[in-house]
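Trainee: First the structure, then my questions, so here it is.
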Amino acid sequence: MKEYYRSLVLYFCLAYLVSWTIWLPLYLPKFGIHFLPVLPFHHAWGAFGPLSAAFILNKLEHGNVGVKNLLLRMFQWKVHWFWYLIAVFSPFLLLLLATIINYFMNSKFSFDGLGMSSEFPQFGFVSFFLYNTIVYGFGEETGWRGYALPKLQKNWNAFYSTVILTFLWALWHAPLFLYRPGFMAMELFGIIGWFMSLFTGAILLTWLYNSSRGSILMVALFHGTIDIVFTSDSIDTNIMNITGFLLVVFAVFVLGFTGFENLSKAQKQTNS
């Protein structure tokens, strides 16, 4: 049991260390330190901290077999078609429902700005989706769901594991409050709302991961799609708020339908 906790602590410390070190040139100016160079797509490189830590820990714990296992789960595509629909289309369906609701409330119906980002004006919808899926999907989910969640589920049920992971996932974002405009603008209630959105997403990601029998590909696709919906420019704020509410309803429904133990009709995954 002591070895179990040691591996989890080591994993999170390593994931934080890699990401926070990469992000140093972005948040040190907040403290008056400006000598470190900022690279193109610098923020994105930090998102590979969870992935890097997962590969390092799998190598240390299981050797080449652990690395191979992680790679296989990253590209585990033989999954029932239903989970592809959930991973790729459910966020867009929620956005569509939110847009329809907003139309009846405000007589506005528009998807202008979907898949567009002022941070990356060179990206179209497809390239923005691929960027989010590769960077934040695989970069984060290979670690959070591919390594940490199965470890946690060995000792706790799926729901409690998700709660623990949400807090540790939220902590990983700490440096962003020093340099990302959206995070810096948050006040207390904004931070609480942001944390609850993480928790809602974590419930759905646990459900998807366990239901797809440990496919990192499925959760990476879902993470990328969620990011497209919630980070695209020019989408009406009211539509975003309604979409967020519908996502909470979705997560509550899933939790009620599947239960706390596995958060899935399949068994919880414990192979990291």
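The values are calculated or read from the model by the stated rules, or taken from the named source; none is laboratory data. Nothing here was measured: the structure is a model prediction, and the numbers come from that model. Note that each Cβ is placed from the backbone with ideal geometry, even for glycine, and that neighbours are counted across all protein chains shown. With ligands, DNA and RNA removed, areas are computed over all heavy atoms of the protein, side chains included. Shrake-Rupley method; radii C 1.70, N 1.55, O 1.52, S 1.80 Å.
Trainee: Output the residue which, of all residues in region 1-23 that are part of a helix (DSSP H, G or I) and over 22 Å from E141 (Cα atoms), is least open to solvent (accessible area, probe 1.4 Å). Break it down into steps so the answer makes sense when it comes.
Mentor: If we filter region 1-23 for residues that are part of a helix (DSSP H, G or I), which is where we start, we get 2-22.
With over 22 Å from E141 (Cα atoms) added as a condition, the list becomes 2-3.
Details: K2: 152, E3: 114 Å².
This residue is E3.
Trainee: For the structure I just gave you, tell me whether N132 is among the polar types (S, T, N, Q) and within 16 Å of L51 (Cβ to Cβ). Can you show your working first?
Mentor: Details: among the polar types (S, T, N, Q): yes; within 16 Å of L51 (Cβ to Cβ): yes.
It is true that N132 is among the polar types (S, T, N, Q) and within 16 Å of L51 (Cβ to Cβ).
Trainee: Name the single residue that is most open to solvent (accessible area, probe 1.4 Å) among those in region 24-56 being closer than 18 Å to M74 by Cβ and not in a helix (DSSP H, G or I).
Mentor: If we take residues in region 24-56 being closer than 18 Å to M74 by Cβ and not in a helix (DSSP H, G or I), then F48 is most open to solvent (accessible area, probe 1.4 Å).
Trainee: Select from region 246-272 the residues that are in a helix (DSSP H, G or I) and touching a residue at least 40 places away in the same chain (Cβ under 8 Å) and write down the one among them that is most open to solvent (accessible area, probe 1.4 Å). Show your work before the answer.
Mentor: So in region 246-272, the residues in a helix (DSSP H, G or I) come out as 246-258.
With touching a residue at least 40 places away in the same chain (Cβ under 8 Å) added as a condition, the list becomes 246-248, 250-251, 254-255, 258.
Numbers: L246: 31, L247: 17, V248: 65, F250: 38, A251: 4, V254: 4, L255: 31, T258: 23 Å².
Going through the qualifying residues, I end up with V248.
Trainee: Still on this structure, I have one more. Determine if region 157-164 includes at least one residue that is open to solvent by 30 Å² or more (accessible area, probe 1.4 Å) and either modelled with pLDDT under 95 or in contact with a His (Cβ under 6 Å, 6 or more places away or on another chain) (or both).
Mentor: Checking region 157-164: not a single residue is open to solvent by 30 Å² or more (accessible area, probe 1.4 Å) and either modelled with pLDDT under 95 or in contact with a His (Cβ under 6 Å, 6 or more places away or on another chain) (or both).
Trainee: How many residues are more than 16 Å from S7 (Cβ to Cβ), in a helix (DSSP H, G or I) and in contact (Cβ under 8 Å) with a residue 60 or more places away in the chain if we restrict to region 146-169? If you could, list the steps in order and put the result at the bottom.
Mentor: Taking region 146-169 and keeping what is more than 16 Å from S7 (Cβ to Cβ), we get 157-160, 162-163, 166-167, 169.
With the extra rule that they be in a helix (DSSP H, G or I), the set shrinks to 158-160, 162-163, 166-167, 169.
Subsequent filtering for residues that are in contact (Cβ under 8 Å) with a residue 60 or more places away in the chain retains 158-160, 162.
Result for region 146-169: 4.
Trainee: Hey, can you tell me all the residues within region 204-245 that are out of contact with any helix residue (DSSP H, G or I) (no Cβ under 7 Å at 6 or more places or on another chain), surrounded by 18 or more Cβ atoms within 10 Å (Cβ to Cβ) and either part of a helix (DSSP H, G or I) or on the phi > 0 side of the Ramachandran plot (or both)?
Mentor: If the condition is that a residue be out of contact with any helix residue (DSSP H, G or I) (no Cβ under 7 Å at 6 or more places or on another chain), surrounded by 18 or more Cβ atoms within 10 Å (Cβ to Cβ) and either part of a helix (DSSP H, G or I) or on the phi > 0 side of the Ramachandran plot (or both), then R213 is the only one that fits.
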